[in-house]
Amino acid sequence: MGKNIVQKIFNLHLVSGKLKPGEEIAISIDQTLTQDATGTMAYLQFEAMGIPRVKTKLSVSYVDHNMLQTGFENFDDHLFLQGIARKYGIYFSKPGNGICHQVHLERFGIPGDTMLGSDSHTPTCGGLGMLAIGAGGLDVAIAMAGGPFYVNMPKVVCVRLNGSLKPWVTAKDVILELLRRLTVKGGVGKIFEYGGDGVKTLGVTERATITNMGAELGALTSIFPSDAQTKKYLRMQGREKVWKPLKADPRAQYDEVVEIDLSALEPLIARPHSPDNVCKLSEIKGLKVQQVCIGSCTNSSYHDLMVSAMMLKGRKVHPDVSLTISPGSKQVLDMIAKNGALSSMIEAGARIVEVACGPCIGMGQAPPSGGVSVRSFNRNFEGRSGTADAQVYLVSPETAIATAIQGVLSDPRDFGEPIVIKEPKSFVIDDSMIIPPSDKPEEVTIFRGPNIKPLPKKEPMPETLKGDVLLKVGDNITTDHIMPAGAKVLPLRSNIPAISEFVFEKVDKDFVKRAKEKGGGFLIGGVNYGQGSSREHAALAPMYLGVKAVITKSFARIHRANLVNFGIMPLTFENEGDYNVIDQGDSIELPDIRNKLKSGNKLTIRNVTKNKEIKVTHSLTPREVDILCVGGLLNHQARSSM
């Protein structure tokens, strides 16, 4: 029986377990990636392990999130990250060099290798044939220390692409179609492997758009074959020597198969406030728009910006629209500056924003009150843009530019003849803003600003857990709900006591006060709790506030793992109807919890207030039970190394 691509890579990296869906496996990690909003905490955790040098083949620290320097905190963190990188054997991508996923695709990704990144959009490099997985910062720190990454073996879904895209239909429309069909919960416990004759019609950056937004499906990761398109892209980057062919065997087996006829697709759009709220663009075109944003790690490549520039050439942005362009990397910016495309954008009235994540994470360019913002980004969660009542729509760059010119939501198919971008023979190669590690680490002094605080510690789990329900929320709660991003909060990522003041700020402004007064307690949630960003602060800060367990109908993968890593127990209702039996303010307890966790996956919660018993379950492995009992993964790692 033939093997699929995922099985081939897992087989080469398997440390323990069997490749059977649902069974816990451990895989070795070749590369790691961090960004500055998650990296400071990851490196503090790495330092705490006492390892003198990273043990991965390659680790890269990027600065691309906290670029808005309204106070000392962000620059302090950047200096800390640069010192850590020089001392511990990590490459450092300076502010202005680009968004981590775009730069890693350009300069570091290797087909067939594994990568763990402290950002949920790490699967972007799956467009290059890499098994790239988003995770919490502590998991990345463990990987840098030479430890394996543990995960339940996912199902492998073959997405068979047939035919080719029609003019003005893009890779963005492919992933929006998958989100329309499968929803933001459709990829939980799965890896999406792309195949079919349509694959060869998509370039690497188009593939990367699809794998990037596979994160919105809830998937572990997504991956394309490494083929002639991959080889061509790596040759243009001057890295052809790392190319290797990688494809599924002719008789490869899959757990599921999804068929997409590329020629049948048309421009799609994700409406507020979820990436899966997708419809045909033609159904809602004509909507008045105030803002258009091109960029993010999803659509900021050379091809994306060249198409945007060609559409804008000789035209003007509508007077009622603010158009921003965020290049994905210094390489992209250099090239569009040299070939005149940047001039076309500026002449048309576009605002050129810094090479960074920027508006995608609410770091500047917030829409007006109640405004409509059309973006080529990957997420449109309520309030993520920085404006609580903004209406954010997700589209391709082609749709976004057509809209910016017309002032209303517009179909690019009405624009005229399709634009064909002539690819350069090679990309501009300038790695001067990537600083290599020091060959004299003992001489490196690490700068630590006053905002960098020590790691909070959690005590081992007591025999009985008891407390009040601090908050009850509904379905699809995101990590943005739990731990907001944006210019106000992100600079505090190195300071857990300070950032904890913002937990659930957009959901319940009294949450933090209540958690402190009650000495911690429990959270109740609905379906897909914790979807979105990999930010471990959405577990770290609640842990600091004394949250003991989160009880939901279901969890998003990365957040569930982060809860375990920081000693917060993730439980699910055995009967989803019992969600209605617990209310905010109820007093609950779990007696003899340590022994019961070890004896099975079913537990009983006693609702003391209502005098009722509620059955819950957990999917914890024996290893995860041990982690919870000792108070988290750092404590577990310390005991394992004794």
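Since every read-out is calculated from the coordinates, none of them should be taken as a lab result. Nothing here was measured: the structure is a model prediction, and the numbers come from that model. Every residue, glycine as well, gets a Cβ built from its backbone with ideal geometry; the counts of neighbours run over all protein chains shown.
Between segment 12-89 and segment 474-514, how far is it from one alpha carbon centroid to the other, in angstrom?
That distance is 23 Å.
Express the Stokes-Einstein translational diffusion coefficient of the chain in µm² s⁻¹, to the nearest whole number, given a Kirkwood radius over alpha-carbon pairs, 25 °C and a viscosity of 0.890 mPa s.
Details: Rh = 24.8 Å.
The Stokes-Einstein estimate is 99 µm²/s.
When averaged across all projection directions, what area in nm² does the alpha-carbon convex hull of segment 268-414 cover?
Working: hull surface 29.6 nm².
If I average the Cα hull's projected area over directions, I get 7.4 nm².
Say the cut-off is 26 Å between C-alpha atoms; which of K172/K200; K18/K598; K548/K602; K285/K509; K166/K313; K285/K422 go over it?
Numbers: K172/K200 16 Å; K18/K598 22 Å; K548/K602 18 Å; K285/K509 37 Å; K166/K313 23 Å; K285/K422 30 Å.
Violating the 26 Å Cα-Cα cut-off are K285/K509; K285/K422.
When N is the residue count of segment 518-569, what does its C-alpha Rg come to as a fraction of 2.2 N^0.38 Å?
On the way: Rg = 10.0 Å, N = 52, 2.2 N^0.38 = 9.9 Å.
Rg over 2.2 N^0.38 Å, computed on Cα atoms: 1.02.
Between the helical axis of 72-88 and the dominant principal axis of the chain, each derived from Cα atoms, what acute angle in degrees is found, rounded to the nearest 10?
Between helix and principal axis, roughly 90 degrees.
Of the DSSP beta bridges with both residues in the chain, give the percent that are antiparallel, rounding to the nearest 5. Could the numbers behind the result be given before it?
Values: 29 of 87 bridges.
Among the beta bridges of the chain, antiparallel pairing accounts for roughly 35 percent.
Fewest to most neighbouring Cβ within 10 Å: what's the order for S301, S500?
Numbers: S301 25, S500 21.
Lowest count first: S500, S301.
Using Cα atoms only, what is the angle between the long axis of helix 302-312 and the major principal axis of the chain, expressed in degrees (0 to 90) to the nearest 10?
So the inclination is approximately 50 degrees.
In segment 1-82, which GluC sites (Glu not before Pro) fall in coil by DSSP and have 13 or fewer other Cβ atoms within 10 Å? Before the final figure, lay out each step's value.
On the way: sites: E23, E24, E47, E73; in loops: E23.
Qualifying residues, ordered by number: E23.
Can you run phi through the Karplus equation (6.51, -1.76, 1.60; θ = phi - 60°) for segment 494-507 and list ³J(HN,Hα) in whole Hz, with x for Gly and Pro?
8, 10, 4, x, 6, 6, 5, 5, 10, 4, 6, 4, 7, 9
Along segment 441-451, what does the Karplus equation 6.51 cos²θ - 1.76 cosθ + 1.60 (θ = phi - 60°) give for ³J(HN,Hα), rounded to whole Hz, x for Gly and Pro?
So the J values, rounded to whole Hz, are x, 5, 9, 7, 9, 8, 6, 10, x, x, 7.
Which distance in Å, rounded to a whole number, links the C-alpha centroids of segment 566-642 and segment 263-338?
What the calculation gives is 45 Å, centre to centre.
Counting other C-beta atoms within 10 Å, which of C293, C158 has the fewest, and how do the rest follow? Write out the running numbers ahead of the final one.
Values: C293 27, C158 22.
In increasing order of surrounding Cβ atoms, one gets C158, C293.
Where does each of 234-241, 302-309 land if you order them by average Cβ count within 10 Å, highest first?
302-309, 234-241
Segment 548-636: Rg/Rh from Cα coordinates, Kirkwood Rh? Mind dumping the intermediate values first?
Values: Rg = 12.8 Å, Rh = 13.4 Å.
Using Cα coordinates only, the ratio equals 0.96.
If you average 1/r over all unlike Cα pairs in segment 155-212 and invert the result, what Kirkwood radius do you get in angstrom? If you can, show how the numbers build up before the last one.
Working: mean 1/r = 0.0836 Å⁻¹.
Mean inverse Cα-Cα distance, inverted, gives 12.0 Å.
Rg(Cα) of segment 465-640 divided by 2.2 N^0.38 Å? Let's see the in-between values first.
Numbers: Rg = 15.2 Å, N = 176, 2.2 N^0.38 = 15.7 Å.
In units of the globular-protein estimate, segment 465-640 measures up at 0.97.
How about segment 264-331: which trypsin sites (Lys or Arg not before Pro) there lie in a loop by DSSP and see at most 16 other Cβ atoms within 10 Å?
Details: sites: K280, K285, K288, K313, R315, K316, K330; in loops: K285, K313, R315, K316.
Qualifying residues, ordered by number: K313, R315, K316.
Would you compute, from DSSP H runs of 4+ residues alone, the mean residue ellipticity of the chain at 222 nm, taking -39500 (n - 2.57) per run and dividing by the full residue count, rounded to the nearest 500? Numbers along the way, then the final one.
Working: 20 runs with 181 residues, N = 642.
Calculated from helices alone, the mean residue ellipticity at 222 nm is -8000 deg cm²/dmol.
Treating the angle as unsigned and between 0 and 90°, give the value, to the nearest 10°, between the Cα long axis of helix 36-48 and the longest Cα principal axis of the chain.
Between the helix axis and the principal axis of the chain, the angle is about 40 degrees.
Please give every one of the aspartates and glutamates within straight-line cross-link reach of K612, meaning a C-alpha to C-alpha distance under 18 Å, and leave out same-chain neighbours fewer than 8 residues apart.
Cross-link targets: D468, E574, E576, D578, D583, D586, E589, D592.
With Cβ to Cβ distances under 10 Å as the rule, what net charge do the other residues near D583 carry (K, R +1; D, E -1)?
With Lys, Arg at +1 and Asp, Glu at -1, the neighbours total +1.
Among the trypsin sites (Lys or Arg not before Pro) within segment 397-460, which fall in a DSSP loop and have no more than 14 other Cβ atoms within 10 Å of their own Cβ?
On the way: sites: R413, K422, K425, R448, K457, K458; in loops: K422, K425, R448, K457, K458.
Answer by residue number: K422, K425, K457.
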